[in-house]
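Engineer: Please see the structure below; I have some questions.
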Amino acid sequence: VPRPAANVWPSAPTTPDERRPGWLWMIPAGLVALVTGIGAKYWRRHRSRACPNCGRKMERLSETDDDTELEHGQRVEERVKSVDYDVWKCPACAETLVLPYGRVFSSYGKCEACGRKAKRTKRKVVKKATYTRTGIAEDTHHCEACGATRVERVVLPKETPPSASTSSGSSGGFGGGG
């Protein structure tokens, strides 16, 4: 007479496919891609450079020393932290290489007058928008590098009324008694 199984629950998973979800491989793959991307970006920026003039190895100037080689607008971009510049100098022929590295998250935009990423925009609401009419604002664009200032009028969209709430009445459930 066969004996009934002591364990009434399904057997434990035995194959790798039964033990983990199929998407789980994406976590280590994503981490590898992230580390590879960061490493590649670091390598591209810090690798040694050959002088385009004489072919000798160039030296990267320190952050304080590179300011003497930058133009006024470039120094402003570094000061407002919208662009970081690396300056490479050849010790043999004094050839200079200036490489920009723009910041991804910066509150500064590109100036239409000088092309530097040193333009900041401030918004002043002139007429507030309501549910029935649009509003008006003035955007003042000012460049820290060249001093250019431009004022632009902007139409603000109408306010969106809040959505109607469905909780005003009873829609079933436990209502209590009486």
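The values are calculated or read from the model by the stated rules, or taken from the named source; none is laboratory data. If you're wondering where the values come from, they're calculated on a predicted model, not measured in any experiment. FYI the Cβ positions are ideal-geometry reconstructions off the backbone, even for glycines, and counts take in every protein chain you see. For accessibility, only protein heavy atoms count, side chains too; no ligands or nucleic acids. Shrake-Rupley method; radii C 1.70, N 1.55, O 1.52, S 1.80 Å.
Engineer: For residues that are part of a loop (DSSP other than H, G, I, E, B) and of a type in the set (A, V, I, L, M, F, W, C), scanning just segment 42-69, find the one that is most open to solvent (accessible area, probe 1.4 Å).
Structural biologist: Within segment 42-69, the first condition is being part of a loop (DSSP other than H, G, I, E, B), and the residues that meet it are 47-49, 51-56, 58, 61-64.
Next, only the ones that are of a type in the set (A, V, I, L, M, F, W, C) stay: 51, 54, 58, 61.
Values: C51: 7, C54: 64, M58: 5, L61: 44 Å².
By that ranking, first place goes to C54.
Engineer: Another question, then. Give the residue, chosen from G102, G115, G109, G135, that is of a type in the set (G, A, S) and farther than 29 Å from E78 by Cβ. Reasoning before the result, please.
Structural biologist: Values: G102 fails: farther than 29 Å from E78 by Cβ; G115 fails: farther than 29 Å from E78 by Cβ; G109 fails: farther than 29 Å from E78 by Cβ.
Just a single option satisfies the conditions, and that option is G135.
Engineer: Only one residue in R116, R133 is at pLDDT 95 or above, part of a loop (DSSP other than H, G, I, E, B) and touching a Gly at 6+ places or on another chain (Cβ under 7 Å), so which one is that?
Structural biologist: Working: R133 fails: touching a Gly at 6+ places or on another chain (Cβ under 7 Å).
Answer to the check: R116.
Engineer: Do we have V87 as of a type in the set (V, I, T), touching a residue at least 40 places away in the same chain (Cβ under 8 Å) and over 23 Å from V154 (Cα atoms) here?
Structural biologist: Details: of a type in the set (V, I, T): yes; touching a residue at least 40 places away in the same chain (Cβ under 8 Å): no; over 23 Å from V154 (Cα atoms): yes.
So V87 does not fit the description; no.
Engineer: Separate question: Before we move on, is D84 more than 30 Å from D139 (Cα to Cα), at pLDDT 75 or above and surrounded by 10 or more Cβ atoms within 10 Å (Cβ to Cβ)?
Structural biologist: Values: more than 30 Å from D139 (Cα to Cα): no; at pLDDT 75 or above: yes; surrounded by 10 or more Cβ atoms within 10 Å (Cβ to Cβ): yes.
Criteria not met by D84.
Residues are listed down the side, and each one gets a yes or a no for (1) open to solvent by 50 Å² or more (accessible area, probe 1.4 Å); (2) in a strand (DSSP E or B); (3) touching a residue at least 24 places away in the same chain (Cβ under 8 Å):
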residue	(1), (2), (3)
E78	no, no, no
A94	yes, no, no
C111	no, no, yes
T121	yes, yes, no
V154	no, yes, yes
